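The values are calculated or read from the model by the stated rules, or taken from the named source; none is laboratory data. This one's a predicted model, so the numbers in the text were calculated from it and none came from an experiment. Cβ: placed from backbone, ideal geometry, glycine included. Neighbour counts: every protein chain shown.
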Amino acid sequence: MAEKPRSRPTRSKRKALAAVAAVGAAIVAIGFLMTGAASTVKSAADGACSALRPTPLSSSLRALDADFTLPDLGGNPVSLRKLRGRPVLVSFFATWCPPCVEEAPSLEELARRVRDKATVLIVSVDEDVDALKKFYAKGTATTVVRDESRKVPTSFGTSKFPESFLIDAGGKVRYAFINQRDWSVAEAAACVEGLD
C-alpha cells in the first residue's frame, strides 16, 4: 500500500509555529540574562565589599539573628528587626573614641549616598547623652541610637570601637569591619546597596 503524502503546514501555521519558537527562545534568553545580571550584581557587590577589607565572620556572627531595640536621640525606640527589607550598616561608636570620631564624617557621606536603599545605624555606647547630642547637634543623615549598657556590641562579639557590621535585607550579618574605614569611597556605597 502506498504511503499517503503528508500535508504541509499552511503558511499561517508555519508563521504561528515560528512565532511560538521565537517567543520561547526569547524567554530562555531573558532567563539567562537575568540570572547572569543578578550574578554580575552580586559579584560587583562582593568585590566592592572586599575592597573594604572585611574581617572574616565567626560562626556565631554567621548564625546571629541580629535584633535589638534602642532609643534614638529623641528617646524614640528604633528596632533593628523593623529595618529589615533593606541593608543596614550597624556601626558601634563613642564620642570619646578618637578613631570613631575620625570615621564619623565618612559614615555621614555613606548615609547620604545610600539613604533610599539602606540604613546607616550608629549604636553609641556613650553614657553621657549630652556629649552625644552635642556631637550630632547639627543633625545627621544616619540613625543614631544609644546603648549605654553596651549589651548590643557584646551580642555581636565585640567591646572595641569602632566596629561595623553589614546586615542584609533578611537580617543576616554578611560582613564585619574591625576598626575604622573610609565609608565615603564609592566601593562602600556599592557594597551596602548590593546586599538584598
Handout entry: Pair list, Cβ under 8 Å, 6 or more apart: the stretch 146-175 residue under 15 Å from residue 54 (Cα atoms) and touching a residue at least 24 places away in the same chain (Cβ under 8 Å), other residue of a type in the set (S, T, N, Q) and outside any strand (DSSP E or B)
Key = 162/179; 162/180; 163/179
Problem - Yes/no for residue 174 being buried (at least 16 other Cβ atoms within 10 Å of the Cβ) and within 18 Å of residue 64 (Cβ to Cβ) - result: yes
Exercise for the section: For the stretch 92-109, state whether one or more residues are more than 21 Å from residue 180 (Cα to Cα) and of a type outside the set (Val, Ile, Thr). Expected result: no
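For the stretch 55-86, what are the residues that are over 16 Å from residue 144 (Cα atoms) and among the polar types (S, T, N, Q)?
From the stretch 55-86, those over 16 Å from residue 144 (Cα atoms) are 55-66, 84-86; that's our starting set.
Selection gives 55, 58, 59, 60.
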Handout entry: Yes/no for residue 89 being within 14 Å of residue 144 (Cα to Cα), in contact (Cβ under 8 Å) with a residue 60 or more places away in the chain and over 12 Å from the mean Cα position of the chain (by Cα)
Key = no
Handout entry: Whichever residue in the stretch 91-148 is outside any loop (DSSP other than H, G, I, E, B) and aromatic (Phe, Trp, Tyr) and, among such residues, is nearest to residue 195 (Cα to Cα)
Key = 92
Exercise for the section: Would you mention how many residues in the stretch 156-195 are of a type in the set (S, T, N, Q), modelled with pLDDT under 95 and not in a loop (DSSP other than H, G, I, E, B)? Expected result: 0
Handout entry: Residue list for the stretch 105-135, restricted to those being surrounded by 17 or more Cβ atoms within 10 Å (Cβ to Cβ), in contact (Cβ under 8 Å) with a residue 60 or more places away in the chain and over 19 Å from the mean Cα position of the chain (by Cα)
Key = none
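One line per residue, one yes/no per condition, for (1) among the aliphatic types (A, V, I, L, M); (2) exposed (fewer than 10 other Cβ atoms within 10 Å of the Cβ); (3) at pLDDT below 90; (4) under 21 Å from residue 190 (Cβ atoms):
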{"position": "17", "(1), (2), (3), (4)": "yes, no, yes, no"}
{"position": "37", "(1), (2), (3), (4)": "yes, no, yes, yes"}
{"position": "57", "(1), (2), (3), (4)": "yes, no, no, yes"}
{"position": "63", "(1), (2), (3), (4)": "yes, no, no, no"}
{"position": "70", "(1), (2), (3), (4)": "yes, no, no, no"}
{"position": "74", "(1), (2), (3), (4)": "no, yes, no, no"}
